[in-house]
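The values are calculated or read from the model by the stated rules, or taken from the named source; none is laboratory data. All figures in this text were calculated on a predicted structure; none of them were measured in a lab. With ideal geometry, Cβ positions are generated from the backbone for all residues, glycine too; neighbour counts draw on all protein chains shown.
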Amino acid sequence: MRDAFAQLIEANKLDVPPVLRRFHAEPPALSQGEVTVEGGRRWGRLLAALAGFPPPMSRSRFRLEVAREGKGHVWRRSFARHKTSSFLQYDARSGRVVERFGPVELELSATARDGALIITIERARLFGFALPSSLCPQSTAMEYETPQGNLGFDISASLPRIGLLVRYHGYLTLPELDLRR
């Protein structure tokens, strides 16, 4: 069943690579790959840890489990032994993806550029209260098709005045999908 990003891609008629279109149209229950995680400076690392993000690590095992729940999906990410999860749902009223990490809720929009899906944070809430732009996380996030046909990703989050919280990048192999069809 289509995930929130598939609905956003379809609603905005975004031209994305086949690997992204097929992944989001029917997310595999389990995908695996590699990830590298970078951390920010002292306060950035502390806030990232409090938010449940993984610590810095180089070329580690990465697993993504996607499970349907209600009108959305739970994404469980395993960075080596560190685990984090979020709930994603498409909001047709706003035309955005809503992602929840515990008490944090993000509204995400996306565009397609140079063969990549570029995802940006439009709004953030903490415990249901809207955060002012000065406290709203900023993100540079993208998904793309690697030269090997894998799903590549590069996700980062930062805060004004604090700087980088976390950046993780790598790839997922999608063995269940025959991308040559």
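Collect the residues in the stretch 48-99 that are of a type in the set (Phe, Trp, Tyr) and either within 12 Å of the chain's Cα centre (by Cα) or modelled with pLDDT under 95 (or both), keeping them in residue-number order. It would help to see each step written out before you state the result.
Residues of the stretch 48-99 of a type in the set (Phe, Trp, Tyr): 53, 62, 75, 79, 87, 90.
PHE53, TRP75, PHE87 - these are the residues of the stretch 48-99 that are of a type in the set (Phe, Trp, Tyr) and either within 12 Å of the chain's Cα centre (by Cα) or modelled with pLDDT under 95 (or both).
Just the residues that are surrounded by 15 or more Cβ atoms within 10 Å (Cβ to Cβ) and more than 12 Å from LEU30 (Cα to Cα), please, taken from the stretch 58-73. Before you say what the answer is, go through the steps one by one.
Initial filter on the stretch 58-73 (surrounded by 15 or more Cβ atoms within 10 Å (Cβ to Cβ)): 60, 62-66, 72-73.
Matches in the stretch 58-73: SER60, GLY72, HIS73.
Return the residue satisfying two criteria in turn: it lies in the stretch 9-27 and is part of a loop (DSSP other than H, G, I, E, B) and out of contact with any helix residue (DSSP H, G or I) (no Cβ under 7 Å at 6 or more places or on another chain), and of such residues it is nearest to GLU143 (Cα to Cα). It would help to see each step written out before you state the result.
Filtering the stretch 9-27 down to residues part of a loop (DSSP other than H, G, I, E, B) leaves 12-17, 26-27.
Among the residues that remain, those that are also out of contact with any helix residue (DSSP H, G or I) (no Cβ under 7 Å at 6 or more places or on another chain) are: 12-15, 17, 26-27.
Details: ASN12: 16, LYS13: 16, LEU14: 13, ASP15: 13, PRO17: 9, GLU26: 16, PRO27: 14 Å.
Once the filter is applied, the top-ranked residue is PRO17.
Inspect the stretch 28-38 for any residue being touching a strand residue (DSSP E or B) at 6+ places or on another chain (Cβ under 7 Å), within 23 Å of GLU107 (Cβ to Cβ) and not in a helix (DSSP H, G or I) and give the result as yes or no.
Checking the stretch 28-38: not a single residue is touching a strand residue (DSSP E or B) at 6+ places or on another chain (Cβ under 7 Å), within 23 Å of GLU107 (Cβ to Cβ) and not in a helix (DSSP H, G or I).
Taking the stretch 1-22 on its own, how many of its residues are within 16 Å of GLY72 (Cβ to Cβ) and either surrounded by 20 or more Cβ atoms within 10 Å (Cβ to Cβ) or of a type outside the set (Gly, Ala, Ser) (or both)? Working first, answer last.
Step one: of the stretch 1-22, the residues within 16 Å of GLY72 (Cβ to Cβ) are 1-11.
Now narrow it down to the ones that are either surrounded by 20 or more Cβ atoms within 10 Å (Cβ to Cβ) or of a type outside the set (Gly, Ala, Ser) (or both): 1-10.
Number of matching residues: 10.
When the stretch 39-57 is examined, which residues are found to be of a type outside the set (Gly, Ala, Ser) and either in contact with a strand residue (DSSP E or B) (Cβ under 7 Å, 6 or more places away or on another chain) or surrounded by 18 or more Cβ atoms within 10 Å (Cβ to Cβ) (or both)? Steps first, answer last, please.
Looking only at the stretch 39-57, we keep the residues that are of a type outside the set (Gly, Ala, Ser), and these are 41-43, 45-47, 50, 53-57.
Hits for the stretch 39-57 are ARG41, ARG45, LEU47, PHE53, PRO54, PRO55, PRO56, MET57.
Test of understanding: among LEU106, LEU117, which residue is within 23 Å of PRO55 (Cβ to Cβ), in a strand (DSSP E or B), touching a residue at least 12 places away in the same chain (Cβ under 8 Å) and among the aliphatic types (A, V, I, L, M)?
Values: LEU117 fails: within 23 Å of PRO55 (Cβ to Cβ).
Going through LEU106, LEU117 in turn, just one is within 23 Å of PRO55 (Cβ to Cβ), in a strand (DSSP E or B), touching a residue at least 12 places away in the same chain (Cβ under 8 Å) and among the aliphatic types (A, V, I, L, M): LEU106.
GLU122 passes all but one of (1) closer than 18 Å to PHE87 by Cβ; (2) crowded, with 18+ Cβ neighbours inside 10 Å; which number fails?
Every listed condition holds for GLU122 apart from (2).
Conditions tested, residue by residue: (1) touching a Leu at 6+ places or on another chain (Cβ under 6 Å); (2) not polar (S, T, N, Q).
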residue	(1), (2)
VAL74	no, yes
ARG77	yes, yes
THR84	no, no
GLY102	no, yes
ALA110	yes, yes
ASP114	no, yes
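Within the stretch 149-169, identify whether any single residue is under 21 Å from LEU64 (Cβ atoms), assigned to a loop (DSSP other than H, G, I, E, B) and either among the polar types (S, T, N, Q) or at pLDDT below 95 (or both), and answer yes or no.
Looking through the stretch 149-169, at least one residue is under 21 Å from LEU64 (Cβ atoms), assigned to a loop (DSSP other than H, G, I, E, B) and either among the polar types (S, T, N, Q) or at pLDDT below 95 (or both).
Output the qualifying pairs, or none if there are none: Cβ atoms under 8 angstrom, residues six or more apart or on different chains, first residue in the stretch 136-152 and under 11 Å from GLY170 (Cα atoms) and without any contact (Cβ under 8 Å) to a residue 24 or more places away in the chain, second residue part of a strand (DSSP E or B) and among the hydroxyl-bearing types (Ser, Thr, Tyr).
Correct list of pairs: GLY152/TYR144; GLY152/TYR171.
Name the pairs whose Cβ atoms lie under 6 Å apart, with the first residue in the stretch 50-62 and more than 14 Å from THR84 (Cβ to Cβ), the second among the hydrophobic types (A, V, I, L, M, F, W, C) and surrounded by fewer than 18 Cβ atoms within 10 Å (Cβ to Cβ), and 6 or more positions between them or separate chains?
Sorted first by the residue in the stretch 50-62, then by its partner, the pairs are ARG61/ALA80.
Select, from ALA130, ALA92, ALA49, the only residue that is small (Gly, Ala, Ser) and under 27 Å from ARG21 (Cα atoms). Talk me through it step by step, then tell me what you get.
Details: ALA130 fails: under 27 Å from ARG21 (Cα atoms); ALA49 fails: under 27 Å from ARG21 (Cα atoms).
Answer to the selection: ALA92.
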